[in-house]
1. Is it the case that LYS64 is surrounded by fewer than 16 Cβ atoms within 10 Å (Cβ to Cβ) and in a loop (DSSP other than H, G, I, E, B)?
2. Can we say LEU69 is crowded, with 18+ Cβ neighbours inside 10 Å, in contact with a Leu (Cβ under 8 Å, 6 or more places away or on another chain) and touching a residue at least 40 places away in the same chain (Cβ under 8 Å)?
3. Which residue pairs have Cβ atoms closer than 7 Å, lie 6 or more positions apart in sequence or on different chains, and pair a first residue in region 4-20 that is farther than 22 Å from LEU56 by Cβ with a second residue that is surrounded by 10 or more Cβ atoms within 10 Å (Cβ to Cβ)?
4. In region 1-40, how many residues are outside any helix (DSSP H, G or I) and at pLDDT 90 or above?
5. Pick from GLY61, GLY98: which is farther than 16 Å from ALA26 by Cα, out of contact with any Cys (no Cβ under 6 Å at 6 or more places or on another chain) and not charged (D, E, K, R)?
6. Using the structure shown, decide if ILE51 is β-branched (Val, Ile, Thr), surrounded by fewer than 21 Cβ atoms within 10 Å (Cβ to Cβ) and in contact (Cβ under 8 Å) with a residue 12 or more places away in the chain.
7. Only one of VAL99, VAL133 is closer than 18 Å to LEU170 by Cα and not polar (S, T, N, Q). Can you tell me which?
8. Out of the residues in region 67-85 that are not in a loop (DSSP other than H, G, I, E, B) and not basic (Lys, Arg), which is nearest to LYS113 (Cα to Cα)?
Amino acid sequence: MKLLLTREDINPDKPDDGHRTPLRGASCNGHEGVARLLLARDDVNPNNCDITPLSLTSRHGHEKVVKLLLARHDINPDKPDKYGETPLWWASLHGHEGVVRLLLARDDVNPDKPANGGGTPLWGASYNGHEGVVRLLLARDDVNPDKPDNDGETPLWGASSKGHEGVVRLLLSRGAIDPEQPDNSPTPLR
């Protein structure tokens, strides 16, 4: 990679036919050294994809690469993909606590931002039973623990429907939860 980047006829930010850049490939696969080389260049845009390198890296839980990406001054850590899914949304959905911590430490990340389907990071973490991530999100005052998705399903509904007892306990302990809030399905307790 170092040899390729010394050539003047190489565009280190050129996407392939699928709109994937070299940085996106390195980030998605957790190749920290390659990502570091690419991010050291001013002619590499870390936001230059329909699904950003940060979203893919967050989805796969590559914490060291997430740190590298977040160190860039021009990174947008809250950039959604075409489905409205942000890096925090992906990390929460897949239970990557370290990545969630890194993203929540940023002032420019909205921890309650819903995707196009209305599901928030808390909704995804609750539905998949990721207690550690749910705990991190519930520790914040700017996260609504009772926010429904577009179908009216709340984080409590998601956790209840999947049998995630620990997550249900965490959500109910927050106190701002209405366990009888109706959605387009039966309530969580029916």
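1. Working: surrounded by fewer than 16 Cβ atoms within 10 Å (Cβ to Cβ): yes; in a loop (DSSP other than H, G, I, E, B): no.
Criteria not met by LYS64.
2. On the way: crowded, with 18+ Cβ neighbours inside 10 Å: yes; in contact with a Leu (Cβ under 8 Å, 6 or more places away or on another chain): yes; touching a residue at least 40 places away in the same chain (Cβ under 8 Å): yes.
Yes.
3. If the second residue must be surrounded by 10 or more Cβ atoms within 10 Å (Cβ to Cβ), the pairs left are ILE10/LEU4.
4. To start, the set of residues in region 1-40 that are outside any helix (DSSP H, G or I) comprises 1, 7-21, 29-31, 40.
Right, trim to at pLDDT 90 or above and you get 29-31, 40.
Residues in region 1-40 being outside any helix (DSSP H, G or I) and at pLDDT 90 or above: 4 in total.
5. Details: GLY61 fails: farther than 16 Å from ALA26 by Cα.
After ruling out the rest, the residue left standing is GLY98.
6. Values: β-branched (Val, Ile, Thr): yes; surrounded by fewer than 21 Cβ atoms within 10 Å (Cβ to Cβ): yes; in contact (Cβ under 8 Å) with a residue 12 or more places away in the chain: yes.
It is true that ILE51 is β-branched (Val, Ile, Thr), surrounded by fewer than 21 Cβ atoms within 10 Å (Cβ to Cβ) and in contact (Cβ under 8 Å) with a residue 12 or more places away in the chain.
7. Every option except VAL133 fails the conditions.
8. Let us first name the residues in region 67-85 that are not in a loop (DSSP other than H, G, I, E, B), namely 67-71.
The next check asks that each one be not basic (Lys, Arg); those that pass are 68-71.
Numbers: LEU68: 23, LEU69: 20, LEU70: 19, ALA71: 22 Å.
Filtering first and then ranking leaves LEU70.
The values are calculated or read from the model by the stated rules, or taken from the named source; none is laboratory data. All values reported here derive from a predicted model rather than from experimental measurement. Virtual Cβ from ideal backbone geometry, glycine too; neighbours counted across all protein chains shown.
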